[in-house]
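The values are calculated or read from the model by the stated rules, or taken from the named source; none is laboratory data. Just so it is clear, the structure is predicted and the values come from calculations on it, not from any experiment. As a convention, Cβ positions derive from the backbone with ideal geometry for all residues, glycine included, and neighbour counts pool all protein chains shown.
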Amino acid sequence: MPSKQSYAIVLIRIPNRGHLEEKEQEQERIHELLNQPKIAQFLLSPYSRNIKSEFQGIFESGTGLIRHLFLIRDALYPIKPQFSIGIGTVDNTINKVAAVVIEGAGIKNAELGFKSLQEESTALQINGFTRSIDALMHPLCDLLWHSTDNWNQNRLKILNAKLEGASEKVIHTALSISERAVYKSIRDAHLMTWIALINELEANITKALLQNRQID
């Protein structure tokens, strides 16, 4: 049944690349990457491609919401996708196999985020909270995204591994780099600070969604 509770709707837009046939093949490859278990595990309704060739998915809480965006950045590297998160209701019955159809305030707020973006820019947008929460979320998301925009793939992998609780020893073995290089990357990029911010953002999103449900 349709629900009036609030969800987090994620839209992903991929920059235009190549000819039509190449683009179609790439879209299919990206769809497979987005539905890997390590990414899809966080979603209530996994990613599906919409008529605008964007990918859309539904989160029930903030758990894994920001974290999974970095998993996607690693999976799609060196492609730099754009992300827009919309908070709001889903008016249709939610398909837990794939987010084929999404109607309601949540998807409208996610679409709103893309309206202000240039096609070639990289960004993380979030809309649909109360004005006071949006005022806090927007600069934090901007800071997080623009500060990490030029990270190489190894740094993304190290961040993702630390978010999963991996030790420096496990990371250096997995990436075939020295343990010293892992520690240096963590220190130079202030990874533990970004991890704390990611966790705080997710916790606040979960709290806000729960508050919206109580109001509903």
For the stretch 188-202, how many residues are of a type outside the set (A, V, I, L, M, F, W, C), within 20 Å of E168 (Cα to Cα) and in a helix (DSSP H, G or I)? 3
From K52, K38, grab the single residue that is loosely packed, with under 14 Cβ neighbours inside 10 Å and touching a Leu at 6+ places or on another chain (Cβ under 7 Å). K38
Residues of the stretch 158-196 that turn out to be within 19 Å of R73 (Cα to Cα) and either of a type in the set (D, E, K, R) or in contact (Cβ under 8 Å) with a residue 60 or more places away in the chain (or both), as a count: 5
Could you please tell me which pairs satisfy a Cβ distance under 8 Å, a separation of 6+ or placement on different chains, a first residue in the stretch 114-130 that is part of a loop (DSSP other than H, G, I, E, B), and a second residue that is buried (at least 17 other Cβ atoms within 10 Å of the Cβ) and at pLDDT below 85? L117/A123
Out of V97, V90, which single residue is under 23 Å from L210 (Cβ atoms), more than 13 Å from the chain's Cα centre (by Cα) and touching a residue at least 12 places away in the same chain (Cβ under 8 Å)? V90
Could you check S185 against (1) among the polar types (S, T, N, Q); (2) loosely packed, with under 15 Cβ neighbours inside 10 Å; (3) in a helix (DSSP H, G or I) and say which number it fails? (2)
